[in-house]
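Engineer: Quick one: structure below, then a few questions.
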Amino acid sequence: MQLSNSRENILKKISTSLQKAAVKMPFPEVAKLNSSVFYPASDNIDEYFAIEFTSLGGKFIYCANEEEMVQQLEILADAKNWKHVHCNEPFFTNYFIEHNLPFTKIGSNFTEMDASITNCEMAIARLGSLLISSASGSGRVLNVYCPIHVCVVYANQIVWDIQDATNAITNKYGSNLPSMINLTTGPSRTADIEKTLVVGVHGPKEVFVLFIDKEAPYA
């Protein structure tokens, strides 16, 4: 009991000291604003996402439907000589099997992987970023391990800002949020070594978005 009382007294003193030392907000009027401090959403957020995504080094490919997505994958595989493209998303793996794409692989043997195909939770137009979670079939690995990452994005998955994405993912999972929620912005890059920008050190050297202009067929 004595230890408990001592702990409470210490915490109270710390709390009181922090309140006295608190720095006042330099612009208190900002807290009263009901709107975002950023400029408002664009009417064409899919187009805006494409512009921002490509400005960061991403490669955006428009597809009217899944059939065009398969055609674009075949073109990419032929142009880049892909032999092993891994995908663990159930909807897409079944679709690829039905369309007999010989270069797609399913499983966890990543030693000869040329590229990976994943989905995403959301795409954020203002940042040109992808919100990816461990709740997908790809888990934590496929979007960061492979040299080339291909992400399939449906029209209804594009939102304007981070707050819209976090609201959507909270509504989707409730209290059972995925253990990893990752914001991916273009190919990986670093300037740690002699302040020289190097692309593809800590992740994919190339990131493609195959945008499908319809609603996602899965939740």
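Engineer: Test residue 112 against the criterion of being under 22 Å from residue 213 (Cβ atoms) and surrounded by fewer than 16 Cβ atoms within 10 Å (Cβ to Cβ), and give yes or no.
Structural biologist: Considered against the rule, which asks whether it is under 22 Å from residue 213 (Cβ atoms) and surrounded by fewer than 16 Cβ atoms within 10 Å (Cβ to Cβ), residue 112 comes out as no.
Engineer: Related question: For the stretch 58-74, which positions are surrounded by fewer than 17 Cβ atoms within 10 Å (Cβ to Cβ) and within 16 Å of the chain's Cα centre (by Cα)?
Structural biologist: Result: 59, single match.
Engineer: Related question: Residues of the stretch 95-109 being touching a Ser or Thr at 6+ places or on another chain (Cβ under 8 Å) and either buried (at least 20 other Cβ atoms within 10 Å of the Cβ) or among the hydroxyl-bearing types (Ser, Thr, Tyr) (or both), which ones?
Structural biologist: 96, 104
Engineer: Scan the stretch 148-177 residue by residue and report those that are among the polar types (S, T, N, Q) and either crowded, with 21+ Cβ neighbours inside 10 Å or assigned to a loop (DSSP other than H, G, I, E, B) (or both).
Structural biologist: Scanning the stretch 148-177 gives 157, 175, 176.
Engineer: Right, here's the next one. Restricting to the stretch 139-154, name every residue that is touching a Pro at 6+ places or on another chain (Cβ under 7 Å) and not hydrophobic (A, V, I, L, M, F, W, C).
Structural biologist: 147, 149
Engineer: Related question: Within the stretch 61-101, track down each residue that is touching a helix residue (DSSP H, G or I) at 6+ places or on another chain (Cβ under 9 Å) and over 27 Å from residue 50 (Cα atoms).
Structural biologist: 83, 99
Engineer: In the list 163, 157, which residue meets the criterion of being at pLDDT 95 or above, within 15 Å of the chain's Cα centre (by Cα) and of a type in the set (S, T, N, Q)?
Structural biologist: Exactly one residue qualifies, and that residue is 157.
Engineer: Restricting the stretch 183-215 to residues that are modelled with pLDDT of 90 or more and surrounded by 15 or more Cβ atoms within 10 Å (Cβ to Cβ), which is farthest from the chain's Cα centre (by Cα)?
Structural biologist: Ranking the candidates gives 212 first.
Engineer: Testing residue 12 on (1) at pLDDT 70 or above; (2) under 30 Å from residue 207 (Cα atoms), one condition comes back false. Which one is that?
Structural biologist: Result: residue 12 fails condition (2) only.
The values are calculated or read from the model by the stated rules, or taken from the named source; none is laboratory data. Remember, predicted model here, so these are calculated numbers, not experimental data. Here the Cβ is made from the backbone with ideal geometry for all residues, glycine too, and neighbour counts use every protein chain on show.
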